Each structure stands twice: as structure tokens, then as C-alpha cells.
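K.L.:
Okay, handing you the structure first.
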Amino acid sequence: MIAVQENVSLKKYNTFGVDQKAKYLSEIGSERELLEVLDMDKFKQIPKLILGGGSNVLFIHDYPGLVIVNQIKGITVTEESSDYIWLKVGSGEIWQDLVDYAVAKNLGGIENLSLIPGTVGASPVQNIGAYGVEAKETIQNVKVAWLENGKIQSFDNSQCQFGYRDSVFKGKLKGLVVILSVTFRLQKNPTSFRTDYGDITKTLQEMNIQNPDIKDISRAVVTIRQAKLPDPTKTPNAGSFFKNPEIPQELFEKLKTKFESIKGYSLPNNNIKIPAGWLIENCGLKGYREGKVGVHPKQSLVLVNYGRATGQEILDLAKKVQQTVTQKFGINLEMEVNLIG
């Protein structure tokens with residue numbers, strides 16, 4: 001029978017290192033184990049929370065229900081053509097392990113997403129993205145189980161309703177399903193790469209690489225991220241805490257007259273995406289510290305726990321950042337991290 005623990009500290013299960021407790025917790029390593037725990041009578045009427053790497057959650061209070069820690073592993077080739085390969089990946093696989101697998105086999109599509117923390121199951125929920133690439137570009141389908149009855153269902157790319165750091169799993173299906181596996185379509189032996197976003201081109205030049213291959217792109221992204229982002233095992237954090245806001249072109253032009261150095265990236269819908277980190281930094285909050293929490297001194301998008309901070313203390317800092325940005329720029333920052341409790 002699958003093991004279930006009671007009154008378990010969640011500190012090691014979230015990268016913020018917040019020490020809240022779960023009333024019940026079970027680590028599951030297969031679909032069978034998941035269905036077994038869902039079928040237990042004592043858990044049918046209580047709330048359930050699925051955790052992968054715990055890299056995108058902030059616990060504000062103890063969790064009153066069952067926390068299911070997803071450790072479903074496996075990478076399987078399900079289909080292949082002359083140009084592409086389809087990989088079915090267990091949702092509990094570490095995301096970087098999948099990236100390493102793809103890079104080692106020269107399979108293109110997710111190399112720009114190197115070193116993003118968390119598990120594969122989080123990739124469709126958040127539609128994770130970095131350096132001009134989003135997970136939705138390679139995700140073919142997502143297999144889920146309904147928490148209410150254990151029914152298995154697959155969602156194709158369009159049914160996932162992907163948006164910017166968003167999906168149906170983060171919206172109307174939040175708390176209703178658990179992701180079992182994700183199937184990706186990756187390109188065999190890619191020859192062209194997305195290097196026009198962020199510092200990839202600059203970093204490749206610094207590495208003296210003229211004609212990069214997939215390993216070079218991944219290595220450049222890892223170099224950039226390691227230079228800017230704190231290691232959560234040393235300085236607890238959840239990566240980017242805020243989404244990059246999208247604003248109308250007219251508002252951007254208006255802000256440009258007042259803040260000449262403001263940065264913006266044009267989107268297909270004619271909106272402009274503004275780097276949230278730039279907004280926070282230009283509010284003078286880069287490196288700001290308040291007690292046990294602070295804004296990281298190298299990357300303003302990251303809030304960090306400097307030691308035994310509560311989830312509420314981190315949330316209070318996040319709200320202060322939001323209010324300060326709104327007051328100066330008239331732009332509302334949306335949290336990317338999921339608040340629990």
C-alpha cells in the first residue's frame with residue numbers, strides 16, 4: 001500500500017524553504033500509485049495539492065489536505081519522422097534532465113529553456129518560457145488524471161489553451177487534475193536557433209562561438225542564468241516572481257517620453273512586453289532587503305528568503321514591489337508564483 005505521512009513539514013518540498021506543514025503527504029512514483037491514493041476513502045472529500053519540484057509555489061499557511069508529491073519518471077520515444085521525434089515524458093522528471101537528454105541527442109526546441117527549475121509536469125501548467133521560447137511550441141499533448149474519480153484524459157495542444165505563463169491547467173482545471181505525462185515534438189539535428197532574445201548572442205560572442213550548435217545554445221543560457229539567478233539550494237527562491245507585463249503600444253509610447261531607457265518587445269497582438277525586472281530595478285528596489293526577505297541584487301525579478309522567512313513575509317514584500325511599480329509607472333505586476341493558503 002502507498003505510504004501516507006501525517007503533519008509533514010513542507011520545507012524540503014518548496015524552493016522558498018518555507019516551513020509550513022501538510023496535514024497529509026504522499027510521494028507517488030507511478031500512475032498506479034496515484035490512482036491508489038486517490039481511491040482512499042479518507043482523502044476523497046479533502047483538498048489536494050500536487051507538487052513537483054516546488055519551484056513555483058509560496059505557502060502562506062499550513063495545507064489542510066493531502067499534498068501529492070509527483071515523482072513519475074520516464075522518457076519514451078513514441079513517434080519518429082525524418083525531421084522530428086516525439087518524446088513522452090513522465091511529469092515527475094526534473095525539467096533540466098529532459099533538456100540534458102534532448103541536447104545530448106541533438107534534439108532541438110527546448111535548449112533555450114535550460115536551467116529552468118522544477119519538473120516536466122509544471123511546463124504545460126505555466127507554459128514555461130525563456131529567451132524567446134515557450135513550452136507550448138513543442139508540447140503536443142498532456143495526459144492527466146481527474147482528482148475526483150481518477151479518470152484518465154489527454155489534452156492536445158489547442159485544448160491546453162496556452163497563454164503567456166498560462167494554460168487551462170492553471171485556469172479552469174486548477175486543482176481538478178494531475179498531470180501524468182507530457183509529449184513533446186522535438187526537431188532532429190537542428191541548424192537554426194533562437195538567439196535574438198536576451199544576452200544569448202552576446203554570450204556566444206564572449207565564448208568565441210561563431211556557428212553555435214544546440215550544446216552551445218544550452219551552455220550559453222546556463223551561463224546567463226547562473227550569473228543572474230541565485231541557486232535555490234543556497235538562497236531559497238522561486239525564480240521569477242512576477243510576469244513581464246504586456247501593455248498597449250500607446251501607453252508604451254507615453255512612458256517612453258518620460259522614461260527614455262524603458263525597454264519593450266513588440267508582440268503579435270500589437271502590445272508591448274515590458275521586462276518586469278527593469279521596472280522593479282528602476283523603482284530602486286534591486287537589492288532591497290526587509291528583514292529576512294529581499295529582492296535579489298543581481299535579478300530584480302527574484303525575491304529571496306534570507307533565512308527562515310514566512311510565506312506571509314515574502315508575500316508582503318511582493319505586494320510592496322507591486323505597489324511601488326504601480327505608483328511610478330501605472331503598470332500592475334502580476335505574480336507568476338502560485339500562492340497556497
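The values are calculated or read from the model by the stated rules, or taken from the named source; none is laboratory data. Treat the numbers as computed from the prediction; the structure is a model and nothing was measured. Methodologically, a virtual Cβ is constructed for each residue, glycine included, from the backbone with ideal geometry; neighbour enumeration extends over all protein chains shown.
K.L.:
Can you tell me which residues in region 238-267 are in a strand (DSSP E or B) and within 16 Å of ALA130 (Cβ to Cβ)?
P.N.:
Matches in region 238-267: ALA238, GLY239, SER240, PHE242, TYR265.
K.L.:
Taking into account only those residues within region 293-320 that are over 20 Å from the mean Cα position of the chain (by Cα) and under 25 Å from ALA227 (Cβ atoms), which is modelled with the lowest pLDDT?
P.N.:
Here the answer is GLY307.
K.L.:
What are the pairs with Cβ atoms under 6 angstrom where one residue, in region 76-96, is touching a residue at least 24 places away in the same chain (Cβ under 8 Å) and closer than 10 Å to SER181 by Cα and the other, located anywhere, is in a strand (DSSP E or B) and of a type in the set (Ser, Thr, Tyr)? Sequence gap at least six, or different chains.
P.N.:
Qualifying pairs under 6 Å: LYS88/THR76; LYS88/THR78; LYS88/SER181; LYS88/THR183; GLY90/SER181; SER91/SER181; GLY92/THR119.
K.L.:
For region 103-128, how many residues are assigned to a helix (DSSP H, G or I), within 12 Å of LYS170 (Cβ to Cβ) and of a type in the set (S, T, N, Q)?
P.N.:
Here the count works out to 2.
K.L.:
How about region 145-165: which of its residues are of a type outside the set (A, V, I, L, M, F, W, C) and closer than 10 Å to VAL178 by Cα?
P.N.:
Correct list: GLY150 only.
K.L.:
Could you please let me know if PHE241 is in the same structural domain as PRO275 (by TED's automatic domain parsing), touching a helix residue (DSSP H, G or I) at 6+ places or on another chain (Cβ under 9 Å) and either modelled with pLDDT of 90 or more or aromatic (Phe, Trp, Tyr) (or both)?
P.N.:
Taking the combined requirement at face value, the residue satisfies it.
K.L.:
Please enumerate the residues belonging to region 266-287 that are under 26 Å from GLN226 (Cα atoms) and either without any contact (Cβ under 8 Å) to a residue 24 or more places away in the chain or among the small types (Gly, Ala, Ser) (or both).
P.N.:
Selection gives ALA276, GLY277, TRP278, GLU281, GLY284, LYS286, GLY287.
K.L.:
Within region 1-11, can you find the residues that are at pLDDT 95 or above and surrounded by fewer than 18 Cβ atoms within 10 Å (Cβ to Cβ)?
P.N.:
GLN5, GLU6, ASN7, SER9, LYS11
Results for (1) closer than 19 Å to TRP95 by Cβ; (2) surrounded by fewer than 20 Cβ atoms within 10 Å (Cβ to Cβ), shown as yes or no for each residue.
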residue: SER167; (1), (2): yes, no
residue: ASN189; (1), (2): no, yes
residue: ASP196; (1), (2): no, yes
residue: THR201; (1), (2): no, yes
residue: LEU204; (1), (2): no, no
residue: GLN210; (1), (2): no, yes
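K.L.:
Now, a different point. Before we move on, is SER266 assigned by TED's automatic domain parsing to the domain that holds LEU317 and either of a type in the set (A, V, I, L, M) or in contact with a strand residue (DSSP E or B) (Cβ under 7 Å, 6 or more places away or on another chain) (or both)?
P.N.:
yes
K.L.:
Exactly one condition in (1) surrounded by 21 or more Cβ atoms within 10 Å (Cβ to Cβ); (2) out of contact with any Gly (no Cβ under 7 Å at 6 or more places or on another chain); (3) part of a strand (DSSP E or B) is not met by PRO64; state its number.
P.N.:
(1)
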